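Please treat every number below as a calculation from the coordinates, not as lab data. As the structure is a prediction and not an experimental result, all values here were calculated from the model. Here the Cβ positions follow ideal geometry from the backbone for every residue, glycine too, while neighbour counts run over all protein chains shown.
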Amino acid sequence: MKFLLSLFFLVLLSASSVSAAGPVFQFPQGRLELITSHAYWNPEQQNSLGLHFTMADHWHIYWKNSGDSGAAPKWTWTLKNARITDEHWPLPERISVEGLTNLGYSHESLFIFDLQAEDIKKPIEVVLNLEFLICKVECIPYFTELRREIPFSAQTGPPSDIFSKFTYPSKAPDDFQWNIESRADQKLITKLHLPNSLPIKNLEVFPEDGESFKSSVPALEPQGSNYLLTLDLQDTSRTDFSGSKFLLVTEDGSGKKSGYEISLNKESPPALAMILFWALIGGFILNFMPCVFPVLSIKVLSFLGPDKNTKDLRTSGVAYTVGVIVSFLALGGTLLALRAGGEQIGWGFQLQSPIIAAGIAVLFFWLGLNFLGTFEIGQSLTYLGAAKTSHSLWGSFLTGVLATVVATPCTAPFMGAALGASLTLPAHNTLIVFAGLGFGMALPFLLLAYFPQGLRLLPKPGAWMQTLKEFLAFPLFATVLWLMWVLSYQIDAAALLFVLGLFLLCGFLIWLSHKIKNERCRQATLLVGFILSFALLAAMPQKTVQQASIQQDMWKSFSKEAVTQDLQNGKAVFIDFTAAWCITCQVNKKLVLHTEDIQKAFSDRSVQLYKADWTDKNPLITQALAEYGRNSLPLYVYYAAGTDKAHLLPEVLTKGIVLDLLNKEKEP
């Protein structure tokens with residue numbers, strides 16, 4: 001119907017067009033006038049333009065979503081000495097015509113456009129080119145040009161009465177909550193929470209997306225201050241409705257209407273206490289993930305030695321805990337600030353920067369050589385994790401910072417859900433969740449610091465401690481290898497050779513220091529070399545490599561449109577959100593997803609496989625993660641054949657988890 005009307009519109013456009021030299025356009029079905037809020041403009045008052053329609057009985061024009069038929073007005077403004085800053089559509093109504101439900105305006109309406117002048121004491125000149133469709137049963141398109149000039153005046157005054165005659169929507173307050181409950185057939189079940197203080201006699205809902213939602217009146221079931229709303233879906237509706245915009249129109253007992261612009265949330269947000277519990281558990285489990293262990297080996301050394309007493313252990317444990325929590329808060333604050341500025345980022349975003357990944361690799365290379373005893377810079381590096389002097393507090397704090405930075409490529413069970421859910425909360429609550437993650441991660445060492453009885457299980461101090469320290473260098477070197485593999489996906493061969501050259505420089509400076517007899521000169525050489533190796537990272541070539549090809553032909557590169565098309569065609573879909581720097585992702589690939597039996601299970605059930613690679617910054621993948629309520633990796637999403645219901649799998653996979661899900665969906 002909309003297509004036919006649009007075609008009809010184009011065919012009749014030239015025949016129905018009428019030019020107007022001034023601010024008024026008369027047409028057989030009504031009148032249109034370009035009006036101003038004040039006869040004169042002044043920078044100290046709100047200056048606005050208005051499109052004032054008056055229509056004959058039984059004729060109507062359309063809202064931004066026209067409903068089952070019709071088309072919204074289209075305007076093009078040309079202004080001199082001013083610009084449009086905002087536009088306001090009056091509250092629409094449902095208009096039934098020949099069994100169709102249209103959304104629009106009858107009798108009279110006023111569209112308001114706020115102005116901001118550029119140069120005071122000069123007139124504002126306005127030219128408007130307007131297309132609109134007016135309908136009864138038949139529809140007639142019009143095109144017109146309206147002009148108006150608004151002179152300047154030093155005097156201010158109240159706006160014209162007509163600008164307060166109509167009601168316009170405002171943004172819904174934070175205590176309005178609208179969440180998706182479930183979907184059944186062509187209906188979306190939602191729950192709307194409105195404050196008890198809002199008097200409501202009648203409630204109307206107008207969807208802005210006419211391609212996904214029908215314009216019919218939704219079924220409404222009051223439940224105290226909540227309303228169960230069932231929205232009718234179009235055949236062409238999308239599969240994800242989070243963020244869909246609506247206009248709520250409430251009417252109180254006196255007949256006064258109010259409008260609120262509101263969006264659907266993906267799901268009912270969990271309580272802060274539950275999210276915080278997930279964060280604590282997830283942070284605790286994070287200690288046992290492979291990306292954290294190399295740094296924790298530094299902290300393990302702080303609990304060993306004959307000169308460790310209870311007071312030193314406790315102060316070291318507290319300093320380490322503070323370092324972890326402060327780092328988590330800094331990451332959370334940075335993430336919130338960048339996202340507020342329009343950046344599409346998520347957990348682990350810093351390792352999407354090749355310079356940061358290379359910097360951590362260089363640091364771990366220095367630490368590994370230090371553990372092997374190849375050099376000492378005074379005691380500065382051994383203080384990183386030691387628990388002996390006042391320097392150790394700073395060292396323990398830095399160990400907490402380093403552990404947090406390196407931990408971000410991993411996501412532990414419960415942690416992904418906590419991170420995703422935290423972003424639905426106000427900023428201060430989100431930071432509380434990040435602090436909970438940090439406390440959970442630091443908790444094992446904090447408990448060990450206050451209850452060191454567990455250390456008695458270790459053998460007495462002796463030569464074995466030096467051997468252990470040397471052995472713990474190799475997990476650090478293994479992390480360097482992993483980071484170099486991550487860099488191989490991010491930078492070209494020249495840049496990778498540059499980083500390897502920095503390792504060579506580090507080795508050369510350590511060798512050179514052994515040739516210097518003067519202790520101060522030797523220490524200065526090492527310290528300058530340590531600083532220089534990081535400073536040179538700024539000169540690293542920035543040319544990136546092309547994204548790595550899909551390792552196996554079965555896996556397609558992720559595309560939201562392709563996934564939607566497969567779902568509409570009734571196919572089963574599995575999406576692997578992954579990155580080269582995500583160790584948990586790589587373990588899941590090696591042990592589960594890319595094994596022969598799991599690949600065969602996917603093939604036997606004709607599951608379409610997608611790989612969403614987040615190794616480099618990719619706003620489209622970040623947005624897709626957000627639509628599933630996550631901002632961290634790994635994430636695994638499965639859609640059974642013939643449905644659009646997403647199953648989110650755990651962060652740590654087993655073959656049994658995947659096969660059980662596939663077999664369950666195969667059962668009748």
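Quick notes on this structure:
- Backbone phi angles across the stretch 138-154, fed through the Karplus curve with coefficients 6.51, -1.76 and 1.60 (θ = phi - 60°), yield HN-Hα couplings of 7, 10, 10, x, 9, 10, 8, 10, 10, 10, 7, 10, 10, x, 7, 9, 6 Hz in residue order; Gly and Pro are listed as x.
- The Asn569 and Ile516 beta-carbon pair, evaluated with R₀ = 51 Å, returns a calculated FRET efficiency of approximately 0.10.
- Karplus-derived 3J(HN,Hα) values for the stretch 365-373, using 6.51 cos²θ - 1.76 cosθ + 1.60 with θ = phi - 60°, are 5, 4, 4, x, 5, 5, 4, 6, x Hz; glycine and proline are entered as x.
- Remark: the Thr236-Phe474 segment gains 80.1 nm on full extension, using 0.36 nm per residue and subtracting the alpha carbon distance.
- Rh (Kirkwood; distinct C-alpha pairs) - the stretch 2-164, Å: 16.6 Å
- The listed peptides 629-642, 648-661, ordered by packing as a protection proxy, come out as 629-642, 648-661 (highest mean of other Cβ atoms within 10 Å first).
- Ranking of Asp235, Asp68 by count of other Cβ atoms within 10 Å, fewest first: Asp235, Asp68
- Label point distance in nm, Ser603-Gln26, each placed 7 Å from Cα along Cα→Cβ: 7.8 nm
- In range of the label at Asp119: residues from the stretch 34-74 whose backbone nitrogen is under 17 Å from the point 7 Å along Cα→Cβ: 41-43
- Pair Asn202, Met274: separation of 7 Å Cα→Cβ label points (nm): 3.7 nm
- Couplings 3J(HN,Hα) for the stretch 110-120, derived from phi with the Karplus relation 6.51 cos²θ - 1.76 cosθ + 1.60 (θ = phi - 60°), are 9, 9, 10, 10, 6, 10, 10, 6, 9, 9, 5 Hz, where x marks Gly and Pro.
- Maximal additional length on extending the Asn226-Lys187 stretch stands at 12.2 nm, based on 0.36 nm per residue less the C-alpha distance.
- In terms of overall dimensions, the C-alpha atoms belonging to the stretch 170-263 reach 39, 23, 22 Å along their principal axes, ordered largest to smallest.
- Cα-Cα pairs of the stretch 555-666 separated by more than 23 Å (percent): 22 percent
- Sorted by Cβ density within 10 Å, fewest first, the residues Met274, Met55: Met274, Met55
- For Val97, the residues whose modelled amide H falls within less than 5 Å of its own, excluding neighbours fewer than 5 places apart on the same chain, are Asn102.
- Cα centroid separation - the stretch 473-513 against the stretch 568-585, whole Å: 30 Å
- For Gln177 and Ala562, the difference between the fully extended length at 0.36 nm per residue and the C-alpha to C-alpha distance is 135.4 nm.
- Efficiency of FRET from Cβ geometry, Ala56 and Trp77, R₀ 22 Å, rounded to 0.05: 0.20
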